[in-house]
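Just so you know, all these numbers are worked out from the coordinates, no wet-lab data involved. Owing to the predicted nature of the structure, the values given are computational and were not obtained by experimental measurement. So basically every Cβ, Gly included, is an ideal-geometry build from the backbone, and we count neighbours across all protein chains shown.
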Amino acid sequence: MKGHVLLVDPDLVRASQLQRDLYSRAYITHTARRGDDALSLLDMHRIGALVVKPDLPDHDVNWFYARVSARHPHLLDRLVFMVDHGLSEHAKAFVEETGCLTVPSSAGGAELDAILSGQSRL
C-alpha cells in the first residue's frame, strides 16, 4: 500500500468514485463529508495526506485549516485542495494564501496519485 489518504468532500458520490480509483492505485482511503467528521477520522487513523474540497457544509475552509494546523501540523505539507470555478472568492483567496497544492475538482485518481506519489511518506 502507498499510504492512507483522507478525502473530504461534501459530494459522497464523487468521493466514493475517487476512493475506488485511489484504492485501485494502492491507497487506503477514508472519506468524510463534513469538517467535523474529517477531524474525527484524523484523530482515529494514521492519515498521511488530505485531499479536501474547501466548500464544506458545516464550516468554512479557514476553520478546518486552523483545526488541522493546531491538531495535525505535520499534514499541512500533505494537504491538497480540490477547487473549481464555483468556489467563493473568499475560499479561493484563502486556499491560495495557504500555499497548498491544488487540483481541479474534476481530477481523478491518476492525477491525485501523481501528486501524492511525489510527496513524502504518507
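Annotations for the structure displayed:
- Among the residues of region 63-84, those that are exposed (fewer than 15 other Cβ atoms within 10 Å of the Cβ) and in a helix (DSSP H, G or I) comprise TRP63, ALA66, SER69, ALA70, ARG71, PRO73, HIS74, LEU76, ASP77.
- Single match in ALA15, ALA38 (criterion: buried (at least 22 other Cβ atoms within 10 Å of the Cβ), assigned to a helix (DSSP H, G or I), free of Cβ contacts under 8 Å to residues at least 60 places away in the same chain and of a type in the set (Gly, Ala, Ser)): ALA38
- All positions within region 85-105 that are within 17 Å of ALA49 (Cβ to Cβ), not in a helix (DSSP H, G or I) and not small (Gly, Ala, Ser): CYS100, LEU101, THR102, VAL103
- ARG46 fulfils the conditions (1) assigned to a helix (DSSP H, G or I); (2) closer than 25 Å to ASN62 by Cα; (3) not β-branched (Val, Ile, Thr) except for a single criterion, (1).
- Within region 85-98, being surrounded by 13 or more Cβ atoms within 10 Å (Cβ to Cβ), over 14 Å from PRO10 (Cα atoms), of a type outside the set (Lys, Arg) and more than 14 Å from the chain's Cα centre (by Cα) holds for ALA91, PHE94.
- Condition met for ARG34 (among the basic types (Lys, Arg) and over 24 Å from LYS2 (Cβ atoms)): yes
- Test: HIS4 is of a type outside the set (Phe, Trp, Tyr), out of contact with any helix residue (DSSP H, G or I) (no Cβ under 7 Å at 6 or more places or on another chain), part of a strand (DSSP E or B) and surrounded by fewer than 21 Cβ atoms within 10 Å (Cβ to Cβ): yes
- Scanning region 42-62 for residues being more than 17 Å from SER105 (Cα to Cα) and surrounded by 18 or more Cβ atoms within 10 Å (Cβ to Cβ) gives a total of 3.
- As for region 106-121, it holds no residue that is among the charged types (D, E, K, R), touching a helix residue (DSSP H, G or I) at 6+ places or on another chain (Cβ under 8 Å), part of a loop (DSSP other than H, G, I, E, B) and within 16 Å of MET1 (Cα to Cα).
- Among (1) farther than 19 Å from GLN17 by Cβ; (2) of a type outside the set (Asp, Glu); (3) out of contact with any Cys (no Cβ under 7 Å at 6 or more places or on another chain), the one test that LEU79 misses: (3)
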